[in-house]
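Engineer: First the structure, then my questions, so here it is.
The values are calculated or read from the model by the stated rules, or taken from the named source; none is laboratory data. What you see is a predicted model; the values in this text were computed from it and never measured. Don't worry about glycine lacking a Cβ; one is built from the backbone with ideal geometry, like all the others, and counts go over all protein chains shown. Please note that ligands, DNA and RNA were not included when accessible areas were found on the heavy atoms of the full protein model with its side chains. Shrake-Rupley method; radii C 1.70, N 1.55, O 1.52, S 1.80 Å.
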Amino acid sequence: MSTAAEVELAPTRPSGLKRALARARGNPTTLAGAIITLLIVAGAVLAPWIAPFDPTEQNIIDRLQSPGGDYLLGTDQFGRDVFSRLLYGARISLVVSLGAIAAAMVTGGTIGMVSGYIGGRFDLITMQVMDVLLSFPSLILGLMVVALLGPELENLVIAIALTAIAPFARIARAPTLVLKERAFIEAGRAMGFSHLRILFAHILPNILSEVLVMGSLWMATAVRVEASLSFIGLGVKPPTATWGGMTRDGFENILDAPWLAVFPGLAILLLVLGLNMIGDGLRDATDPKLRNE
Amino acid sequence: MSDTLLEVRGLRKHFHPKRRVTVRAVEDVSFSIRRGEAFGLVGESGCGKSTAARALLRLIEPDAGSVRFGGADVLTARGASLKAIRRRMQIVFQDPYSSLDPRQSIGGALTEPMRVHGIAEGRDARRRAGALLEEVGLPPAALDRYPHEFSGGQRQRIGIARALALEPELIVADEPVSALDVSVQAQVLLLLEDLRRRRGLAFLFVSHDLSVVRWFCERVAVMYLGRIVEEGPVARVLNAPLHPYAAMLRDAYPVPDPAHRAALPRIIGEIPSAAAPPPGCPFHPRCVHAMPRCSTEPPALLAKDDGAVACHLHG
Amino acid sequence: MLGFVLRRLLAALPTLFAVLTLVFVIVRIVPGDPALVILGDQATPEAAAAVRARLGTDQPLWRQYIAFLGAAATGDFGSSMVTNRPILAEVSAVLPHTVDLTAASMVIGIVIGIPAGIWAALHRNRAIDVAARLLSLLGLSFPVFVSGIYLLLLFALHWRWFPVISNADLDDPLDRLHKVLLPAVALGLTMAAYITRVTRGAMLASLSEDYIRTARAKGVPWRRVVWVHGLRNASIPIVTVVGLYVGILIGNSVLTEIVFNRPGLGKVIVGALNQRDYTMLQGLMVIYCFLIVVVNLITDLLYGVIDPRVKQT
């Protein structure tokens with residue numbers, strides 16, 4: 001008997017993530033967000049070449065200059081160029097938030113995935129701990145941790161990462177709970193695969209897109225928390241330019257030079273908005289409920 | 001070498017969905033399968049047949065009983081010895097849509113078990129994977145495709161190819177065609193039958209579909225509420241059952257020839273919950289032949305002619 | 001209902017215990033000796049030992065932990081290491097200001113957010129919906145101190161409708177209201193944006209359910225369908241978000257209080273940070289924990305009011 005009758009194959013279709021990305025590209029909000037974000041990233045990367053002045057060089061004669069003229073966005077109370085400081089400040093915002101989100105994604109994602117996979121009482125306790133962490137306002141938690149560890153760049157990363165671990169644990173755990181009941185995980189066990197192999201070769205690739213979308217959404221929060229901490233005075237120490245710190249300096253001179261608070265505030269707003277727009281579009285594109293519209 | 005490949009004795013698996021609730025999914029299951037034999041396990045949904053199949057594969061840990069496979073003790077095996085046993089018995093699942101990793105190419109799915117068990121690697125593994133695909137009736141070009149590009153029937157063929165990748169002696173087929181279109185069911189059954197004959201494979205064929213089991217299997221066991229109530233050659237058990245439950249199952253099945261249709265049997269009630277099974281014979285509340293002793297004394301599975309039956313009528 | 005409340009109260013205890021433990025651990029893992037922080041590096045060993053004895057940091061960890069839990073259980077949150085005043089007194093002196101602020105911003109968030117979300121859901125994918133979505137995305141992106149500074153510049157410095165320093169006289173309700181308004185808008189804006197999004201999503205989900213179609217089919221007026229049937233079933237996610245957001249409001253009030261120069265918990269925290277007031281920080285964290293556990297409890301109880309099924313579980 002011939003069972004080897006050729007079965008015809010359907011033409012190749014792109015995978016889920018690729019389709020989601022294609023859909024997100026067609027979304028004007030996402031596109032606008034991507035453009036805003038890319039401009040800021042480009043400014044940060046190219047800061048040494050495009051900044052007209054040294055961001056930390058003081059020039060008392062030219063202090064508190066209005067925008068326009070020699071200084072595009074004016075100067076601060078030490079006569080430093082606001083535009084140049086904004087370009088360099090973007091670096092701190094991006095590096096701290098990227099570092100924090102990457103760290104939170106790896107630790108939180110692993111905790112959630114492993115906890116969901118193991119299940120039972122272990123899972124229950126882990127998630128209880130995560131809930132406690134989640135119910136703490138991220139600003140207060142970040143503030144305490146930086147206050148106790150000291151306002152260094154790496155401590156900021158740790159503090160902000162700590163505030164984001166719980167949501168990543170949750171987002172990684174939920175699909176893991178569904179996946180581990182799927183037959184292909186059982187098939188892996190029946191074929192003698194180790195738990196590590198099942199976790200990292202079979203569950204991880206299937207939850208990655210959700211964790212990444214979450215990452216893009218939380219990038220925005222991380223930027224905001226970093227700026228808030230700097231505003232309170234717990235950011236990277238002066239004279240390094242940070243957007244939150246610049247806003248604080250501007251706020252203290254708000255009667256003499258309102259632009260000093262307006263421009264860095266606007267920069268923070270734009271970056272957070274850009275990231276939120278990207279994350280929003282990505283989430284819509286990967287949300288299965290919105291797919292068949 | 002003994003003729004028996006798999007021997008299951010007194011298998012039991014209870015679940016505890018809540019505190020103080022015990023679901024007796026598998027209460028006491030014993031059967032054996034010879035080399036190259038197709039053994040059917042039938043029963044209504046919820047009778048514990050899939051749980052029993054998973055427990056003997058150690059996909060869930062059974063609470064009691066013994067499982068011997070080709071002389072090896074399955075339930076006490078750990079680490080490398082368990083891995084070695086797993087290589088020799090594989091499973092094909094009911095749902096072809098969830099049985100393949102959506103992010104893994106077909107080639108990856110077929111070569112990964114070979115790599116894990118040190119059977120083949122690299123180009124050699126890929127060549128073997130291509131041959132497996134041809135054996136199940138798919139073109140080798142499918143190696144670089146992903147599961148979502150295939151139909152249900154094609155995926156089921158891939159699932160079968162993956163089970164064959166480790167060259168097992170026994171395949172546990174858990175409702176392998178129930179989720180497929182009727183037109184595709186026959187093709188997949190023919191493929192399984194062909195593989196069985198060509199490779200000398202033994203099958204544990206779990207199904208609720210009596211006609212499929214009748215066609216595919218040589219021996220069959222009927223399960224009810226976690227216990228085997230009757231066991232024997234497929235033709236005898238399904239044509240002339242001894243146990244009233246097996247008879248009920250047979251009579252509930254539509255017969256294609258109107259001339260042979262019997263009056264539909266009276267079916268009393270529904271399957272009791274496995275969380276609160278009735279005392280005595282689990283079938284007695286629905287049984288038309290129930291006697292006083294049926295509600296107090298559980299009947300043992302006793303050898304009878306060429307099979308076994310657990311019923312006081314045949315004690 | 002009483003049984004339900006008691007069960008929830010009991011269930012909140014382990015959470016509280018876990019949060020307290022977290023605070024204790026965070027404060028202890030930090031390097032550095034608080035005694036030296038108070039006295040400076042040049043402290044004599046005898047003086048440092050005396051301070052350690054006063055703070056209890058010379059005791060073994062487990063004893064500190066038990067003392068800490070015991071004190072928290074009796075409502076004793078310790079004293080400031082700098083001013084020596086009890087933390088509870090410091091906090092209760094300013095707490096009304098913070099409560100005013102968070103309550104007012106919550107009201108603003110709900111009053112703007114829920115109608116806007118329903119409105120957007122009813123005009124799905126039309127101009128109003130798109131505008132609501134974009135505006136809420138914008139609102140969501142405003143760091144609280146930036147919106148605060150912008151509002152301050154416009155309404156207090158440019159138009160002079162509101163005071164620059166919002167330090168209200170607690171005995172004068174009108175003054176309290178006047179001075180809380182601008183900070184509350186700054187703080188409530190993000191919450192309004194968030195509630196708009198959640199309400200929109202929840203309403204869309206709830207309006208697509210079968211019972212809504214049934215209600216319409218049997219002739220219930222559309223307005224009633226939306227506000228009674230739709231909103232009731234959309235309210236669980238909304239309450240969840242509001243509850244979750246109260247914690248964020250309390251956190252963000254720190255920033256608002258700085259910008260608007262209001263007394264409050266945030267000011268106390270920043271003061272403690274600047275003075276490295278170690279015991280004060282720990283006490284404040286414990287108080288925050290209590291506040292958050294209480295808010296979670298209220299959220300839980302609200303679930304029971306909205307959805308009778310919750311009470312049975």
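Engineer: Of all GluC sites (Glu not before Pro) in the range B:111-158, which ones are in loop regions per DSSP and have a Cβ with at most 11 other Cβ atoms within 10 Å?
Structural biologist: Those that pass, being in a loop and sparsely packed, are B:GLU121.
Engineer: Something else now. Would you mind counting up the charge near C:ARG176? Only other residues with Cβ under 14 Å from its Cβ, with Lys and Arg at +1 and Asp and Glu at -1.
Structural biologist: -3
Engineer: If I stretch the segment between B:ARG198 and B:GLU121 completely, what's the gain in nm (0.36 nm per residue apart, minus their alpha carbon distance), one decimal?
Structural biologist: That pair, B:ARG198 and B:GLU121, stretches by 25.2 nm at full extension.
Engineer: With charges only on Cβ, +1 for K and R and -1 for D and E, what is the dipole size of chain C about its Cα centre, in debye, rounded to 20?
Structural biologist: 1480 debye
Engineer: Can you give the helix-only mean residue ellipticity at 222 nm for chain B, where every DSSP H stretch with n ≥ 4 adds -39500 (n - 2.57) and the sum goes over all residues, rounded to the nearest 500 deg cm²/dmol?
Structural biologist: Dividing the helical sum by the residues of chain B leaves -9000 deg cm²/dmol.
Engineer: OK, next. Against the longest principal axis of chain B, how steep is helix B:122-135, in degrees 0 to 90 to the nearest 10, with axes from Cα atoms?
Structural biologist: Helix B:122-135 and the main axis of chain B meet at about 50 degrees.
Engineer: Report the full-extension gain for the segment C:VAL294 to C:ARG7: residue separation times 0.36 nm, less the Cα-Cα distance, to one decimal in nm.
Structural biologist: 101.9 nm
Engineer: Picking from C:ILE66, C:ILE87, C:ILE269, which is most flexible by a Gaussian network model of chain C using Cα springs under 10 Å?
Structural biologist: Largest GNM mean-square fluctuation: C:ILE66.
Engineer: Under unit Cβ charges (Lys, Arg +1; Asp, Glu -1), what dipole magnitude, rounded to 20 debye, does chain A have relative to its Cα centre?
Structural biologist: 980 debye
Engineer: Follow-up. For chain C, what relative contact order do you get, as a whole percent, if you take Cα pairs closer than 8 Å and at least 6 residues apart?
Structural biologist: After rounding, I find 26 percent.
Engineer: Tell me the carbon and sulfur percent of the accessible area for the protein assembly as shown, rounded to whole percent, probe radius 1.4 Å.
Structural biologist: Carbon and sulfur together cover 61 percent of it.
Engineer: Where does helix A:120-135 land angle-wise versus the long Cα axis of chain A, in degrees 0 to 90, nearest 10?
Structural biologist: Taking Cα atoms only, the helix is inclined about 20 degrees.
Engineer: Another question, then. Order C:71-84, A:221-234 from most to least packed using the mean count of other Cβ atoms within 10 Å.
Structural biologist: Final packing ranking: A:221-234, C:71-84.
Engineer: Average partner chain C-beta neighbours within 10 Å, per residue of A:120-129?
Structural biologist: 1
Engineer: Averaged over C:144-153, how many beta carbons belonging to a partner chain fall within 10 Å of each residue's beta carbon?
Structural biologist: Taking all residues of C:144-153 together, the mean is 6.
Engineer: Related question: So what is the calculated 222 nm ellipticity per residue for chain C, using -39500 (n - 2.57) for each DSSP H run with n of 4 or more, over all residues, to the nearest 500 deg cm²/dmol?
Structural biologist: So the helix-based figure for chain C works out to -25000 deg cm²/dmol.
Engineer: By its C-alpha gyration tensor, with a ≥ b ≥ c as the square roots of the eigenvalues, how is the range B:125-183 shaped: rounded for a/c under 1.5, else prolate for a/b larger than b/c, else oblate?
Structural biologist: Oblate shape, in that a/c is at least 1.5 and b/c is the bigger or equal ratio.
Engineer: Okay, next question. When ligands, DNA and RNA are left out and all protein chains stay put, how many square angstrom of accessible area per residue does chain C have with a 1.4 Å probe?
Structural biologist: About 48 Å² of surface per residue is accessible.
Engineer: Highest GNM mean-square fluctuation, chain C, Cα pairs closer than 10 Å: which of C:THR98, C:THR199, C:THR240?
Structural biologist: Greatest mean-square fluctuation among the candidates belongs to C:THR240.
Engineer: Give me the Kirkwood hydrodynamic radius of chain A, using the inverse of the mean 1/r over all pairs of distinct Cα atoms, in Å to one decimal.
Structural biologist: Over chain A, the inverse of the mean reciprocal pair distance is 21.5 Å.
Engineer: Enter the buried accessible area of the C/A pair, total of both sides, probe 1.4 Å, in Å² rounded to the nearest 100.
Structural biologist: 3700 Å²
Engineer: Could you tell me which chymotrypsin sites (Phe, Trp or Tyr not before Pro) in the range C:121-216 are loop residues by DSSP with no more than 16 other beta carbons within 10 angstrom of their beta carbon?
Structural biologist: Answer in residue order: C:TRP159, C:TRP161.
Engineer: From the cross-link list A:LYS180/B:LYS13; B:LYS18/B:LYS304; B:LYS18/C:LYS218; B:LYS49/B:LYS304, which pairs have alpha carbons spaced over 32 Å apart?
Structural biologist: Listed pairs above 32 Å: B:LYS18/B:LYS304; B:LYS18/C:LYS218.
Engineer: Take the alpha carbon atoms of the range C:1-153, find their radius of gyration, then divide it by 2.2 N^0.38 Å using N residues; give the quotient.
Structural biologist: That works out to 1.61 for the range C:1-153.
Engineer: Once every Cα of the protein assembly as shown carries one equal point scatterer and solvent is ignored, give the base-10 log of I(q)/I(0) from the Debye formula at q = 0.07, 0.09 Å⁻¹, two decimals.
Structural biologist: Treating every Cα as an identical point scatterer, log10 I(q)/I(0) equals -0.76, -1.07.
Engineer: What is the average number of partner chain Cβ atoms found within 10 Å of a Cβ in C:262-275?
Structural biologist: The mean count of partner-chain Cβ atoms within 10 Å per residue comes to 2.
Engineer: Next question, about the same structure. Below 8 Å, C-alpha to C-alpha, sequence gap of six or more: please give me the relative contact order for the range A:113-218 in percent.
Structural biologist: Relative contact order comes out at 32 percent.
Engineer: Continuing with the same structure: Sort B:ASP305, B:ASP63 by accessible area with a 1.4 Å probe, largest first.
Structural biologist: B:ASP305, B:ASP63
Engineer: Per DSSP H run of n ≥ 4, the term is -39500 (n - 2.57); total these for chain A, divide by its residue number, and report the mean residue ellipticity at 222 nm rounded to 500 deg cm²/dmol.
Structural biologist: -23000 deg cm²/dmol
Engineer: In Å², rounded to the nearest 100, what is the total accessible surface buried by chains B and A against each other with a 1.4 Å probe?
Structural biologist: For chain B against chain A, roughly 3100 Å² becomes buried.
Engineer: Moving on. Could you state the angle between the C-alpha long axis of helix A:153-179 and the longest principal axis of the C-alpha atoms of chain A, as a value from 0 to 90 degrees rounded to the nearest 10?
Structural biologist: That helix lies at roughly 20 degrees to the long axis.
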